[in-house]
1. Any residue in segment 233-246 that is of a type in the set (D, E, K, R) and within 16 Å of the ligand (Cβ to nearest atom)?
2. Here are some conditions: (1) assigned to a loop (DSSP other than H, G, I, E, B); (2) at negative phi; (3) not basic (Lys, Arg). Residue 25 meets all but one. Which one does it not meet?
3. Tell me, please, whether a residue that is assigned to a loop (DSSP other than H, G, I, E, B), surrounded by fewer than 21 Cβ atoms within 10 Å (Cβ to Cβ) and among the β-branched types (Val, Ile, Thr) can be found in segment 28-37.
4. Looking only at segment 359-370, count every residue that is out of contact with any His (no Cβ under 8 Å at 6 or more places or on another chain) and within 16 Å of the ligand (Cβ to nearest atom) and tell me the total.
5. If we only count helices (runs of 4 or more DSSP H) wholly inside segment 43-143, which ones have 1 or more residues that are away from the ligand (no atom under 15 Å from the Cβ)?
6. State all residues of segment 122-146 that are within 22 Å of residue 329 (Cβ to Cβ), buried (at least 17 other Cβ atoms within 10 Å of the Cβ) and of a type in the set (D, E, K, R); if no residue qualifies, say none.
7. Does residue 18 qualify as being among the aromatic types (Phe, Trp, Tyr) and within 16 Å of the ligand (Cβ to nearest atom)?
Amino acid sequence: MTAKTRTELAVLGGQPAFLEELHVGRPNIGHRDKLFKRLGDLLDRKRLTNQGPLVEEFEQRLAEYLGVRHCITTCNATVGLLVAARAVGLSGEVIIPSFTFVATAHALRWNGIKPVFCDVDARTHTLDPVKVEELVNSRTTGIVGVHLWGRPCAVDALGSIARRHRLELLFDAAHAFGCTVDGRMVGRFGTAEVFSFHATKVLNSFEGGAITTGDDEIAAKIRLMINSGFADYDKVVSIGINGKMSEPAAAMGLTSLESVDGFVAHNKEMYRRYHEQLGGVAGVEVLRVAENERHNYHYIVLTVGEGAGLTRDELQRVLWAEGVRARRYFHPGCHRMEPYRAAEPDVGRRLPVTERLSAQVLCLPTGTAVNRAAVDAVCEIIRTALTRRAEVRAALANPSHALAWSVAGRA
Ligand code: T4K
C-alpha cells in the first residue's frame, strides 16, 4: 500500500503510485489470535451453526453496545431487510431512496413490494422528508430510510410522517454501526433497523447482518422467519427462510466488535487527513459528518463538482491508473438498474439530486489498510490531476491509451 515517490501521473506516462492496489472496503481484521481461538473452540464443540453459543454471545454484546432490546443476527443484511420487511407487514408500495446499494430495493421487490424511489437531501444524502410525504398514497404501506455513509436519516421527521399516515418505518443501517443521532444510537429507530457486517463494513463477520427492534412480537416473528418458520424441532408455524448467522461468522463478529472502537479511531484520523489535504481544492468536497455525534467515519465521500475541471469519471480513471480503486457508489442509482429502470424509465425526472450525486460521488480508500502516507499520496494525485486537467483530459481522450486506463468491471 506504500506509495512510491512520484515523478509523473500514470495517465501522463508515469508509473502507478501504488504497486499494491489501494481499495475502498479492505476488511478490518482485528486480533487474529482471538479469532483463531474462537474458531478452534467452535470446531472442538462441533457446533457450527443454528443459534450456537457464539451467535448468542454476539447478539447479546451487540444489543448492549447499541442499547437495543432485541438484536437478531442474520447471514447478511440483504436477507435481514427481506425478513424485516415481511415481519412488519410491508406490502403494496414502499418509499425508499434510489441513492443506495441496490439490496435495499431488491429486498422489497423480492417480497413482491414496489419500491417507490424518492429523492434525497443534497446535504445529507438521505431521504428528503418533504419529498417522502409527497409520494405517500393509498397503496403506500411504509418507508425504508437508509443511513447512507453512516449519516443518520432525518429520523424524527420520518417518524412523524409515518405516524401521520399510519405507515411502517424501517431503516437500512448497513453503513451506520456505532453512529448516533442527538446522542441516540442508530439501531433504536423505526420499528426495526438492519445492519450489515459484510467484510467491507467497519464491523465485519465475513458475511453477516443484524436486525434490531424494540418490539417483542416483531422480534419473535423475525426469529421464526430466519429459521425457516420452525417453532420447534418439527413444528413449522409460518413461512420462513434460512437467514441464520453461522458460528464462524459470529467468531469473526465478536473479534471485530472487540476492536471496533480502534477501527473507528483510525477511520477518524484518515477522515481528518483527507479534509486537511483536500480542504482548499476548488470543485471537490469531502462530505462532512457532525463531529458532535458518534460516527464510524467508514466512508470517505468525495463530491466532484462542476468547478473541478475534471468529471468524477475522469478523476476515477486517473486514480485507477495509479492503483487507487476509488468507487462510484451508488452509481447510477437503483432507478437506473434493472428491473426498476424498465418498469419506470422516466422516474429519474423526479430525482434530480440523486441523478447529480450519482454522477459526482466518488468513495476514496480508508480503513485500517490505509495510512496517512497513503491518504497524502491519494490527495496529491487528485490535486495534481485537477491542476493539470487539460493535459489529463487530453490523455484520457487518446484512444490508444483509453483501454489501459479504463475503469474495468463493476466500478
Ligand atoms: N444496504 C446498503 C446501504 C448497503 O450498502 C449494503 C451493502 C446492503 C444493504 C446489503 O448488505 P449485505 O447483504 O452485503 O450485508 C460491497 C459489499 O458487498 C456490500 O456489502 C456493500 N453494501 C457495498 C456498498 O459494497 P461491492 O459490489 O462494492 O463489493 P466488492 O466485492 O467490489 O468489494 C468492494 C471492495 O472491497 C473491493 O474493491 C475490494 C475490497 N474487498 C472486498 C471484499 C469482499 C476486500 O479487500 N476484501 C474482501 O473480502 O459491494
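Each reported figure results from applying straightforward, stated rules to the coordinates on display, with no laboratory input. All figures in this text were calculated on a predicted structure; none of them were measured in a lab. Neighbour counts run over all protein chains shown; Cβ positions are idealised from the backbone, glycine included.
1. Kept after step one, since they are of a type in the set (D, E, K, R), are these residues of segment 233-246: 234-235, 244.
With the extra rule that they be within 16 Å of the ligand (Cβ to nearest atom), the set shrinks to 244.
Yes: one or more hits.
2. Looking at each condition in turn, residue 25 falls short on (2).
3. yes
4. Here is the first cut: in segment 359-370, the ones out of contact with any His (no Cβ under 8 Å at 6 or more places or on another chain) are 360, 362-364, 370.
From what's left, within 16 Å of the ligand (Cβ to nearest atom): 362-364, 370.
Matching residues across segment 359-370 total 4.
5. Values: elements: 53-66, 77-87, 103-110, 129-135.
Helices (runs of 4 or more DSSP H) meeting the threshold: 53-66, 77-87, 129-135.
6. 128, 131 - these are the residues of segment 122-146 that are within 22 Å of residue 329 (Cβ to Cβ), buried (at least 17 other Cβ atoms within 10 Å of the Cβ) and of a type in the set (D, E, K, R).
7. Numbers: among the aromatic types (Phe, Trp, Tyr): yes; within 16 Å of the ligand (Cβ to nearest atom): yes.
For residue 18, the condition - among the aromatic types (Phe, Trp, Tyr) and within 16 Å of the ligand (Cβ to nearest atom) - is met.
Yes or no, residue by residue, for (1) part of a helix (DSSP H, G or I); (2) surrounded by fewer than 23 Cβ atoms within 10 Å (Cβ to Cβ); (3) under 18 Å from the mean Cα position of the chain (by Cα):
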site	(1), (2), (3)
231	no, yes, no
251	yes, no, no
254	yes, yes, no
260	yes, yes, yes
267	yes, no, yes
288	no, yes, yes
